[in-house]
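The values are calculated or read from the model by the stated rules, or taken from the named source; none is laboratory data. Just so it is clear, the model here is predicted, and its values are computed rather than measured. As a convention, Cβ positions derive from the backbone with ideal geometry for all residues, glycine included, and neighbour counts pool all protein chains shown. Calculation scope for accessible area: heavy atoms of the full protein, side chains included, ligands and nucleic acids excluded. Shrake-Rupley method; radii C 1.70, N 1.55, O 1.52, S 1.80 Å.
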Amino acid sequence: MTKKFLSVLNGNVEKTPPIWLMRQAGRYLPEYRETRKRAGGFLELCYNSDLSTEVTLQPIRRFNFDAAILFADILLIPHALGMNLWFETGEGPRLHGILDGFKIKDLKPPDEIHDTLDPIYQTVRNLSIDLPETTALIGFAGAPWTVATYMVFGKGSKDHKEVKKYLNENTEKFDQLIDIIKIATIEYLSSQIVAGAEVVKIFDSWAGSLSGTDILKYSYEPIYQISCELKKRHPSVPVIAFPRGVGGGYEMFSKIETISCLALDQSVPSTWAQKLQENVVIQGNMDPLLLVTGGEKLETEVIDILGNLASKPFVFNLGHGITPDADVNNVDKLIELIRK
Ligand code: 1CP
């Protein structure tokens, strides 16, 4: 049985494009909320291979997406490197970050992350057995810049002002941090592949906060280097890159030969994205809000994106993660529109 998602990542056009959604296992699903409660908390869920397998499978059972994404989080790498990680109820993840006094020299060597991350590899192994034979399995990690923003500031932030101030005033230390995350990320993704991940995705969710040459140094370069090393070790495994918010910068990312697929956020018009399809397979990029509001606009946007992009190898997805207030009926409607 062939997997439509893998076929498209290898450059083929299928009758209808494959579809999956960022954050497809998450709070908009009642069965996810129930399992999370059973686990006792978010981190407990991530490190429980049986329950993580279960929540990864939930959206596949409900919607039969063409790909499943491993249930885990980009902040497990800082955790595995020795940083304190916890979740504030109703707010989100928190790390004891560098601006709060954590010292980079106290991080564990990147090759010592596997003890902590072993349950994640077990989840991947479970999934490669449990998934339907038409569903591809995606592993993932955060890109070094995005992970570093949390390691420095300790939590999410809008414009990353404090992180950029730290970077400007402590460039040598920050570069060292980026290198450590880069090496750990290669090891982590490589281990996910060995465990059974068929595709890996690198999330640079905050690439759009960078400016000027820093986009090259902290987003483009590390993603390029990680993808080169993965290609060397696992030549047949496609790499998806998601440098969110880089606008015209997507063009240079589309030319990285070790990246099979470029994921676009919703700020990019699909008419503009067409030219990137000469270089790379495109994934994207509907506004997640349309799964909250639905209606005619959902339909016209889907038709517009398909009309502009689906005649070349294309993966339908959102421009960012599905939100907790998304309506599952709109997800059903979306899938029907894509597959009819
Ligand atoms: O309360 C809950 O149940 C936790 C919500 C949640 C979920 C469902 C978090 C906390 N992480 C996840 C899972 C997750 N995170 C997945 C796998 C599930 C799937 O996609 O189906 C993935 C791929 C991620 C990746 C992730 N985590 C990113 C990159 C993608 C993106 O959305 O931009 C980022 C930035 C994070 C950090 C993070 N983890 C969780 C939250 C709420 C955040 C954002 C924190 C912030 O900046 O304020």
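Normalising the Debye intensity of segment 233-306 to I(0), with uniform scatterers on Cα atoms only, and taking log10 at q = 0.21, 0.24, 0.26 Å⁻¹ returns -0.90, -1.07, -1.18.
Across every pair of non-identical alpha carbons in segment 76-231, the mean reciprocal distance, once inverted, gives a Kirkwood radius of 16.3 Å. Between Y32, Y121, Y166, which gets the highest mean-square fluctuation from a Gaussian network model of the chain, Cα cutoff 10 Å? Of the options given, Y166 has the highest mean-square fluctuation.
Judged by the mean number of other Cβ atoms found within 10 Å, the most tightly packed of the peptides 188-201, 8-21 leads the ranking 188-201, 8-21. Here is the link list: K158/K232; K164/K201; K182/K255. Which ones come out longer than 31 Å on Cα distance? Checking Cα-Cα distances, K158/K232 exceed 31 Å. Binning all Cα-Cα separations of the chain at 20 Å, short to long from zero, yields these whole-percent fractions: 32, 62, 6.
Amide H contacts under 5 Å for I69: I138, restricted to partners 5 or more places along the chain or on a different chain, H placed in the peptide plane at 1.01 Å from N. In terms of the mean number of neighbouring beta-carbon atoms within 10 Å, the peptides 169-176, 53-60 order highest first as 53-60, 169-176. The ratio of the alpha-carbon radius of gyration of segment 32-123 to the globular-protein estimate 2.2 N^0.38 Å is 1.21. The long axis of helix 30-39 is offset from the longest Cα principal axis of the chain by roughly 30 degrees.
A convex hull fitted to the Cα coordinates of segment 1-76 yields 110 cubic angstrom per residue.
Pairs over the 24 Å Cα-Cα cut-off, from the set K4/K333; K103/K165; K108/K155; K275/K340: K275/K340. When I202, I74 are compared by accessible surface with a 1.4 Å probe, the order from highest to lowest is I74, I202. Put a plus charge on the Cβ of each Lys and Arg, a minus charge on the Cβ of each Asp and Glu, and nothing anywhere else: the dipole of the chain about its Cα centre is then about 240 debye. Just want to confirm a number: the relative contact order over the chain, from Cα pairs under 8 angstrom separated by 6+ residues, in percent. Contact order relative to length: 21 percent. With N counted as the residues of segment 94-143, its alpha-carbon radius of gyration over 2.2 N^0.38 Å works out to 1.65.
Can you give the angle from 0 to 90° between the axis of helix 49-63 and the longest principal axis of the chain, with both taken from C-alpha atoms, to the nearest 10? So the helix axis and the longest Cα principal axis differ by about 30 degrees.
Charges were assigned to the Cβ only: +1 to each Lys and Arg, -1 to each Asp and Glu. The resulting dipole of segment 172-279 about its Cα centre is roughly 160 debye. For the options W145, W272, W206, a Gaussian network treatment of the chain with springs between C-alpha atoms closer than 10 Å singles out W272 as fluctuating the most. Taking other residues whose beta carbon is less than 13 angstrom from the beta carbon of T16, and scoring Lys, Arg as +1 and Asp, Glu as -1, yields +1.
If a spin label sat at a point 7 angstrom from the Cα of K103 along the line to its beta carbon, the backbone N atoms of segment 162-178 nearer than 16 Å would be those of 173-174, 177.
The heavy atoms of E301 present about 60 square angstrom of accessible area, all protein chains included, probe 1.4 Å.
For segment 161-280, compute Rg over Rh where Rg is the Cα radius of gyration and Rh is the Kirkwood radius from the inverse mean 1/r over Cα pairs. Expressed as Rg/Rh, it is 0.98.
Computing FRET efficiency as 1/(1 + (r/R0)^6) for K158 and N329, where r is the C-beta to C-beta distance and R0 is 45 Å, gives about 0.90. Taking a Cβ cut-off of under 12 Å around T258, the surrounding Lys, Arg, Asp and Glu residues balance to a net charge of +2, with basic ones at +1 and acidic ones at -1.
Between segment 293-334 and segment 40-112, what is the C-alpha centre distance in whole Å? Taking the Cα centre of each part, segment 293-334 and segment 40-112 sit 27 Å apart.
Net charge of the neighbourhood of L289, taken over other residues with C-beta under 12 Å away and scored Lys/Arg +1, Asp/Glu -1, is -3.
Backbone amide hydrogens, once placed in the peptide plane, bring D204 within less than 5 Å of A143, F242, R244, excluding anything fewer than 5 places away on its chain.
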